[in-house]
Every structure is written in structure tokens, then in C-alpha cells.
Amino acid sequence: MKAAVYTTYGPPEVIHLHETETPVPKEKEVQVKVAASTVKFGDSYARHFNDVSPFQFTMPLPLWIPARLSMGWSKPKQPILGSEFSGIITAVGDKVTRFRPGEAVFGYTGQKFGAYAEYLCINADGIIARQPENLTPEEAATLPYGALMALNLLRKADLKAKEKVLIIGASGGIGSAAVQLAKNYFGAEVTGVCSSAGTDYVKSLGADNVIDYTKEDFTKSETSFDVILDIPRKTSFSKGKPILRSGGRYMPVSFKGRHVLQRLLTIPRRKKVITALALEKTDDLLLIQELAEIGKIKPVIARSFPLEQAAEAHRWFDEGGSRGSVVIRVNNGTNNL
């Protein structure tokens, strides 16, 4: 099969097309003919992970060495990127009862990656579900990562109906999903924070209010919030505290050791720091499937590239400024066996 691979860390140019062995499903796995995948932060981050110092690492410092070992110290252990996918099941293992060949599915492989290839295998009980009926394969492939992350984070922030939430980084992959879920699923009042280029986009997602951080200091907002979801860590608890209501929660999506300490110190206080890892579950993807089918979360595609142009897709993503997902079309992005 054809796959877009990288065997050394580096810029987008390290990704190239390569003929590799087609995976065969184990007894509890399904084989998927991939229609589409995406370029997300995790793909770009993994591609140049050798340049990520312990202090640039987005998680607490003690996790840096295990992460380097897991990803590959001198070269990538997994040469095929792509964690989101859509496609058609072409074969199932002997013990699989949940799916059958011919079904259209979408899902998330996490740090196992592997979706920049014509075929992949995934555990049938993993993060995989039937593709929403109202979405194209390309649209379905863009949903899992951002929507699963946003759903988990908003739950762990204990967001309630009619509460006010400030979402910093509202135009990104997680942020755009968080805006839609906070508004349409949790029933909150949403204020998104983004740059000038993203304001119209965030409004189109359903945000009640949008703050352009290049023109306005959102930490001096006259509105107070129940939850501050800080996706790119553009602020801090000390700066956000004045605009938190009593009982308010500040939640950095990626967090360091100091945030864990702040969480412990603020447990008895009225304004708290929340730190939590988003752990993906199959049931959550099934919920995302349902929400997509009733229009409560909608994918937005900025641009799509064929598999042969995976390096160009990464370059375009790295340059930033995209409003919506960057899609990689595999097997022509169709749901044909």
C-alpha cells in the first residue's frame, strides 16, 4: 500500500510517499480502507519532536523523557502520521462482532497514528464509530480529535447550562469544537478569544461574543466568567482571576508542574485551577456522531490535499492562519471499496 511516511524528524519535507506493507487485522481488529485524514497540532508536533526541549514540552517536565522514548529518541518509531481518519471497513478479525465489512466509519488512533496510509488496523473496541450519515468522508475525518478533547475538557471544567465560558484559542481545532459544544450541547454562553483573522469564523461557529486579542486585553473584560478554557496558554490564573466569578474555574489545556501545584493550592478556594488529561472513550465518539447528525457540531474544512501532497499540507498547516481543518485525501477521499 501507499503511505506518507517520515523516517527522520524535521520540516514538512521529511514526509514522502512510500510503498509499505498492508496491515492485516488481528482477531479483535478491523482493517479500514482510509478515505481521509487530517493535519493537526499533534501531527506537526510529532514531526519535529526532536526539537522540543523539556521546557518547550507541553506537559509536566517529568513526562518529557517517557514521551521522547515513546516517540523515538533519534528517529520516529511510527513513520506514518495521522491520528484522525474516515474510511470503509474492508476486513474484520475473527472475534469482531461490532462491525462488518462495507461499513463507513471514522475514528481516532491517538499517538499510534497510522492514518496517512491507504489502510490501517484498529481495535474494534477502540475510538471508532460509524460515520455520521450527513457528513462526507473528508468532513467526518476532521471531527474526532478536537471534538473529543473539547468534550472531555468542558466536562472536567464542570461547565453547566447558562454559565459563561471564555474560550481562549477559539479558532483552533480544539477551540472551534469547544465553542460549538459549549453553546449547543452544554447550553453555556460563549465568548471566544482569537486574532482578527478568526473573528468572523468564531462568530459563524455560534459564539455569543468574540474578543480580538490583538485589539483588546481580554483579561480586562467587563464580563466575568464561570470557566476560562485556555487552550494555547495565552494567560495565567493570576491574570484571569479578576474576571472569574466566585466558584469560577481556570483550566489550561496543556499544563506544567506549576499548574498542578496551583490546582492543589486552590482546592479550598472559591476560584480554582483545574488540570486534567482528556482521555478519549468510544462512548464519547458515539455522542459526537449523534451531535454531528443533528447539526450541533459541524466540521469546517479550510483546505484539502491528496496523499501525495502530505508534505505540502504540513507546510500549509505550519504557516498558520487556517480557519478550519486541513484534510489529507487518501484513496481519493471516497467511501468506495
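Quick note: the coordinates plus some simple rules give every number you see, no bench work behind them. Every value quoted in this text rests on a predicted model; they were computed, and no experiment measured them. For neighbour counting, all protein chains shown are included, and Cβ atoms are generated from backbone atoms with ideal geometry for every residue, glycine included.
Assorted remarks:
- Proximal charge balance of S74 [Cβ under 15 Å; K/R count +1, D/E count -1]: +3
- Rounded to 10°, Cα long-axis angle of helix 144-156 versus longest principal axis of the chain: 30
- Karplus (6.51, -1.76, 1.60) ³J(HN,Hα), θ = phi - 60°, over the range 180-191, in Hz, Gly and Pro reported as x: 5, 5, 4, 7, 8, 10, 7, x, 8, 8, 10, 10
- The aspartates and glutamates within cross-link reach of K33, meaning a Cα-to-Cα straight distance under 15 Å and a gap of 8 or more places when in the same chain, are E21, E84, E103, E118, E138.
- Cross-link partners of K239 among aspartates and glutamates (Cα-Cα below 16 Å; sequence separation of 8 or more within a chain): E216, D217, E222, D226, D230
- Expected 222 nm ellipticity per residue - DSSP helices of 4 or more, -39500 (n - 2.57), all of the chain, to 500: -7000 deg cm²/dmol
- Ranking of H48, H16, H314 by count of other Cβ atoms within 10 Å, fewest first: H16, H48, H314
- Peptides 212-221, 237-246 ordered by average Cβ neighbours within 10 Å, highest first: 237-246, 212-221
- One decimal place: the segment D51-R270 gains 74.9 nm when fully extended, by the rule 0.36 nm per residue minus the C-alpha distance.
- Taking D125, D284 and counting other C-beta atoms within 10 Å, the order from fewest to most: D125, D284
- Under the criterion of Cα pairs below 8 Å and six or more residues apart, the relative contact order for the chain equals 22 percent.
- Among residues other than E290 with Cβ under 12 Å from its Cβ, the summed charge is -2 (Lys and Arg +1, Asp and Glu -1).
- Violating pairs (Cα-Cα greater than 24 angstrom) within the set K164/K215; K28/K281; K2/K40; K156/K234; K162/K298; K215/K296: K215/K296
- Relative to the longest principal axis of the Cα atoms of the chain, helix 310-319 runs at roughly 10 degrees.
- Across the alpha-carbon set of the range 146-273, the Rg to Rh ratio works out to 0.93, Rh being the Kirkwood radius.
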